[in-house]
Amino acid sequence: MRRYVVVGNSAAGVSAIRSIRAYDGSGPITLVSEEPYPFYSRVLLTHYVAGRVPRERLFLVGEGFYRVHGVEVLLGVRVVGLDVYGRRLELSDGRVIPYDVLLVATGARPVLARPFSPAREGVMGLRFLGDAERLRRATAAGARVAVVGGGPAGIKLACALREAGGNPTLLVSSPHILSQVADDEAALLLESRLAAHGLRVRCGVEVREVAGGPHGVEGLVLSDGTCVACDLVVVCKGVEPRAELLAGKAEVRRGVVVDDRMRTSLPEVYAAGDVVECTDVAWGQGRVGAIWPHAVAQGKVAGANMAGVHLLFRGALARNSLDVFGLPFVSMGVTRVPPEPGWSSQVLRDGDAYLKLVFRGGRIVGAVLVGCAGLAGVIQAAIRRGDGAWQQRIAIAGIPAERAREVCQGGIPGAEGSGG
Amino acid sequence: MFALAVDESRCNRCRRCEVACQLRAERGAGGVPRIRVEEDGWPIIRICRQCEGAPCAEACVSGAIRSDPGRGTVQLDPSLCVGCWACVMECPFAAAFMTLLPDGRWQAVKCDGCSDFPVPLCARFCPTGALRWSGRAEGVAAGVRRRRAARLGRGVLR
């Protein structure tokens, strides 16, 4: 009988538990998690901050889940040591637990680089439930919040704070928002939507210094010499894998390197979720694609293989979806055409609707959709499939300009509730 | 077990399936129809294939979309949906639809398999066999589903 140990109680870990149990009904499973709660959705935290989702709905499983799946749950405990040869884990409370198969699903943490490091009062990331609760308390008390970072996470948070009645400032170092995942045209459309809803966005400014004392923040000094007064800074400049447990033992580049069965370079040690890096189908190279669907799919693959079932991960694809005050945005794969031969793009515009497909050597490798995201899944399938027939079908030939908006939107014309 | 076989090559774009689904929606299932037939040249009928290991359910961050292994369907609870578009981004059949609510939020809607009827209405009113209900021959239907999915996006059902 195999003893399974899963470290991490979020999307990848829970998905792995489900998968292990689907194939192995009896092997004991131990789950170790730093946080004291059952599995909750980190992605919903911004919705919780916005007041759209009550706290109890963040939890995607109850305590019954662990009982039904026969999982021994160790919450509020950290893993402090890994003995690969003895197949043992050392926990922060002094316990040592043995394993036959181990899953490292320790996730990622927000990057807090200079001038936001070292950690100080009033500067935070938004990653854990505790962060969201702190943020809610602060905004309820009338704190002025600055959000740093113009990626999907920063925009989501700024929108959420605005929706909750606040007046946050979004600070972006690039000339436009979403510089990593979209192109300038799409960014402009979304920026005007943000502006229309009264959200202050300042692009092209770096934060030089955090002003204030040891007990709080008074403001931020920006690269253009101006200051933004604020009581709380939330840094949304991406996340970094929490790979300390495997550092120096397994192969770790930016994230833990895994194969398509989620095996690390160590025997009987698997990894899944935000902690790993694996080959991106659009970029053709290893990337840390810290997104929810990857974590769930990788957890499932890891769990199956841990239980001795051969299952392969279909490959990572960087992608994001976002609702910016009612204007949907989806991007996937490569979104900017590099100035090299063999690359091309096609663009279709109609008012607020914007669709761009990026091709390399006749193969579709990326897309940006604003206001017309209904076909995003078909495009993802085409990117993954990488053949010509599909590409031509969706390459706008199938979507005449006058119908693009309507078709892509996903709603049904004439039906109540559709459109927008 | 849910077993709806979809064969686009038989579809003549009569759109009776859409009408049937719309009528059911108007009679209490709520909102908008969950099937859509685009014009000629479109390679797919936009209807949920109730995938095993459904990518929309894997991507759902709010627990709104879950597989129902007992019935072999994928169910969506609109009250849990936060309108993030993740399911739309995943579905290779473009069969997850978003509707705009009066308060300006998006909400997902998808085929629920007509649990209130013995045969899904789209299949019942399809005159060409593009949509076929084969409740008993589930092995065949599952094979058809899998082949089609494989054609669209490698590994969708894996």
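Each reported figure results from applying straightforward, stated rules to the coordinates on display, with no laboratory input. Note that the structure is a prediction, hence the values are computed from the model and not measured. Neighbour counts run over all protein chains shown; Cβ positions are idealised from the backbone, glycine included.
Cross-link reach is defined here as a Cα-Cα straight distance under 18 Å, omitting same-chain residues fewer than 8 places apart; for residue A:249 the aspartates and glutamates meeting it are A:83, A:90, A:100, A:259, A:268, A:277. Value of Rg to Rh for region A:14-85, rounded to two decimals, is 1.05; Kirkwood radius and Rg both from alpha-carbon coordinates.
Rounded to the nearest 20, the Cβ-based charge dipole of chain A about its Cα centre (Lys and Arg +1, Asp and Glu -1) stands at 440 debye. Dipole of the protein assembly as shown computed with +1 at Lys/Arg Cβ and -1 at Asp/Glu Cβ about the Cα centre; of A:17, A:161, A:271, farthest Cα towards the positive end is A:17. As a length-normalised measure over Cα pairs under 8 Å and 6 or more apart, the relative contact order of chain A settles at 14 percent.
Applied to region A:31-38, the Karplus parametrisation 6.51 cos²θ - 1.76 cosθ + 1.60 on θ = phi - 60° returns per-residue 3J(HN,Hα) values of 10, 10, 9, 5, 8, x, 10, x Hz, with x for Gly and Pro. Computed as a quarter of the hull surface, the mean projected area of the alpha carbon convex hull for region A:122-162 stands at 2.8 nm². The calculated 222 nm mean residue ellipticity attributable to helices in chain A amounts to -7000 deg cm²/dmol, summing -39500 (n - 2.57) over DSSP H runs of n ≥ 4 and dividing by all residues. Under a 5 Å amide H cut-off, with hydrogens placed 1.01 Å from N, residue A:280 pairs with A:285, A:286, A:287 among residues at least 5 apart or on other chains.
The calculated P(r) of the protein assembly as shown, using every Cα pair and 20 Å bins from 0, goes 20, 54, 24, 1 in percent. Once both labels are positioned 7 Å from their Cα atoms along Cα-to-Cβ, the gap between residue A:22 and residue A:314 label points is 1.3 nm.
Taking other C-beta atoms within 10 Å as the exposure proxy, A:69, A:197 rank A:197, A:69 from fewest upward. Compute the FRET efficiency between residue B:134 and residue A:137 as 1/(1 + (r/R0)^6), taking r as their Cβ-Cβ distance and R0 = 60 Å, and round to the nearest 0.05. It comes to 0.60.
Residues A:37, A:4, arranged from fewest to most other Cβ atoms within 10 angstrom of their Cβ, appear as A:37, A:4. Using every pair of distinct Cα positions in region B:97-138, the Kirkwood expression returns a hydrodynamic radius of 12.6 angstrom.
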